[in-house]
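Below: one structure, written as structure tokens.
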DNA sequence: GCGCGAAAAGACCGTCCGTACTATTTTGTT
DNA sequence: AACAAAATAGTACGGACGGTCTTTTCGCGC
């Protein structure tokens, strides 16, 4: 099992690049074979079905995401620095032009799979839940460390962080809004700032 | 031009439902014909190409979005109420189970098209830019009306609103997080609250 | 150098795709 | 009732799809 595994890795590398640009729908045996300079059957020998290719690609992307974003961020100091590292490393990951010229494969897959039950959907959903939990934990820790107020809701904060991430993706990929990266930074700063000091005013609730 | 246009409308209705669930990639002549109980060629007579179908579907979705979300919201009182109406009407639109069982067609299309140049991409991008501008204008008006502080950045605020919207879509469609609608409300309240009073503390900037 | 298993290629199948071209039905008008 | 026009169905074709089977090439321990 010497050479096969390296070609397999090369195939997955090409596949991720392909999916990044064309989406999972563009991940076809023929196109992938052509792209990696192999025959369809030669490529097919490494996987047993199209769905297997899809799962392998998603698995590889998830592993890379973990290695490039989550794990390094977890080595940062607890609290706000770690939280910022999570988001900033996501930004770097999202804009990795070489390995993913079309932006984050997982966000692409998340939308494409969200109404298509099956193993691929569950794989991505689970990865996203873990990512969400990583964010939530980082927020909880920031509270413990005294960086954030105690009445900050980690789940809500994670929701808002994810919003910043998605809005950045949206503005960059579709709208091509210039200065999006700076805007993302502002949004992050403001969100963190709001969690830090100034006991939030309680307004009388309607109804 | 009596009957043809009504069938055409019915086809588009089915098509939107299809795209909502399966994405633009699932919008195929055969599937659509089967779904609307017609022959492929009978259906094809209403359009001149597959891309024409795609464009018609997107155009119809954009028109519906305008009618169901933007225009009604613009009839709300200037300032915060109008802003809230924009977001809340988006929520209703997103969760219109009958006409779009798989959630907002435009967000789906936005991700699928973001790296695929061509008329469909431009159509969606333009619609999204207009939506973003509607948000921005509503924020500007809220500032004029004295609802928000004068140093609020409308572009940033619109970016954050879009983040809330996208995060809601994400949590509902992929993660199926319970209570997402309430969370969205919280995020919106908090964002608006932050723009209202408490002159934001200026922190010394790094570097 | 040889032989053997792994890796890749080649040819091929049935299905569905988009899209022509033609035939048939349905509709509206007189 | 007749008939032209509009709407829809039928048929056919080339290409790409996922997938199988058989053959060839390659890498490596002896």
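Please tell me if residue B:69 is assigned to a helix (DSSP H, G or I), in contact with a helix residue (DSSP H, G or I) (Cβ under 9 Å, 6 or more places away or on another chain) and free of Cβ contacts under 8 Å to residues at least 40 places away in the same chain. So residue B:69 passes the test.
Mind counting the residues in the stretch B:114-129 that are in a helix (DSSP H, G or I) and either touching a residue at least 40 places away in the same chain (Cβ under 8 Å) or within 10 Å of chain A (Cβ to nearest Cβ) (or both)? First the steps, then the outcome.
Filtering the stretch B:114-129 for residues in a helix (DSSP H, G or I) gives B:119-129.
Add one more test, that the residue is either touching a residue at least 40 places away in the same chain (Cβ under 8 Å) or within 10 Å of chain A (Cβ to nearest Cβ) (or both), and what stays is B:119-121, B:123-129.
Going through the stretch B:114-129 one residue at a time, the tally reaches 10.
Scanning the stretch A:87-113 for residues that are free of Cβ contacts under 8 Å to residues at least 60 places away in the same chain and either surrounded by 19 or more Cβ atoms within 10 Å (Cβ to Cβ) or in a helix (DSSP H, G or I) (or both) yields A:88, A:89, A:92, A:93, A:106, A:110, A:111. Residue A:12 satisfies every condition listed in (1) within 16 Å of DNA strand C (Cβ to nearest atom); (2) part of a loop (DSSP other than H, G, I, E, B) except (2).
Of all the residues in the stretch A:1-29, those that are loosely packed, with under 14 Cβ neighbours inside 10 Å, under 20 Å from residue A:100 (Cα atoms) and within 12 Å of DNA strand D (Cβ to nearest atom) number 1.
Can you tell me which residue within the stretch B:23-38, out of those that are more than 26 Å from the chain's Cα centre (by Cα) and within 9 Å of DNA strand C (Cβ to nearest atom), is nearest to the other protein chains (Cβ to nearest Cβ)? Restricting to residues being more than 26 Å from the chain's Cα centre (by Cα) and within 9 Å of DNA strand C (Cβ to nearest atom), the top hit is B:30.
Among the residues making up the stretch A:21-49, those that are in a helix (DSSP H, G or I) and in contact (Cβ under 8 Å) with a residue 24 or more places away in the chain are A:21, A:22, A:24, A:25, A:29, A:43.
So, residue A:74, is that one surrounded by 17 or more Cβ atoms within 10 Å (Cβ to Cβ), away from DNA strand C (no atom under 16 Å from the Cβ), farther than 17 Å from residue A:123 by Cβ and away from every other protein chain (no Cβ under 13 Å) or not? Even if it seems obvious, please write down each step before you answer.
Values: surrounded by 17 or more Cβ atoms within 10 Å (Cβ to Cβ): no; away from DNA strand C (no atom under 16 Å from the Cβ): yes; farther than 17 Å from residue A:123 by Cβ: yes; away from every other protein chain (no Cβ under 13 Å): yes.
So residue A:74 fails the test.
Taken over the stretch B:164-196, the criterion of being facing chain A (nearest Cβ under 7 Å), surrounded by 21 or more Cβ atoms within 10 Å (Cβ to Cβ) and within 17 Å of residue B:92 (Cα to Cα) is satisfied by B:164, B:166, B:167, B:170, B:171, B:173, B:183, B:187. Scanning the stretch B:50-61 for residues that are more than 16 Å from DNA strand D (Cβ to nearest atom) and either away from chain A (no Cβ under 14 Å) or free of Cβ contacts under 8 Å to residues at least 60 places away in the same chain (or both) yields B:55, B:57, B:59, B:60, B:61.
Residue-by-condition table, conditions (1) within 17 Å of residue B:131 (Cα to Cα); (2) under 21 Å from the mean Cα position of the chain (by Cα):
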| site | (1), (2) |
| --- | --- |
| B:4 | no, no |
| B:14 | no, yes |
| B:42 | no, no |
| B:46 | no, no |
| B:62 | yes, yes |
| B:67 | yes, yes |
| B:70 | yes, yes |
| B:74 | yes, yes |
| B:84 | yes, yes |
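Restricting attention to the stretch B:41-71, which residues are surrounded by 14 or more Cβ atoms within 10 Å (Cβ to Cβ) and within 16 Å of DNA strand C (Cβ to nearest atom)? If the condition is that a residue be surrounded by 14 or more Cβ atoms within 10 Å (Cβ to Cβ) and within 16 Å of DNA strand C (Cβ to nearest atom), then B:43, B:44, B:46, B:47, B:53, B:54, B:55, B:56, B:57, B:58 are the ones that fit.
No value in this document is a laboratory result; all are computed from the given coordinates. Note that the coordinates shown come from a computational prediction; the quantities given were computed from them, not determined experimentally. Quick reminder, even Gly has a Cβ in these numbers, built from the backbone with ideal geometry, and neighbours come from all protein chains shown.
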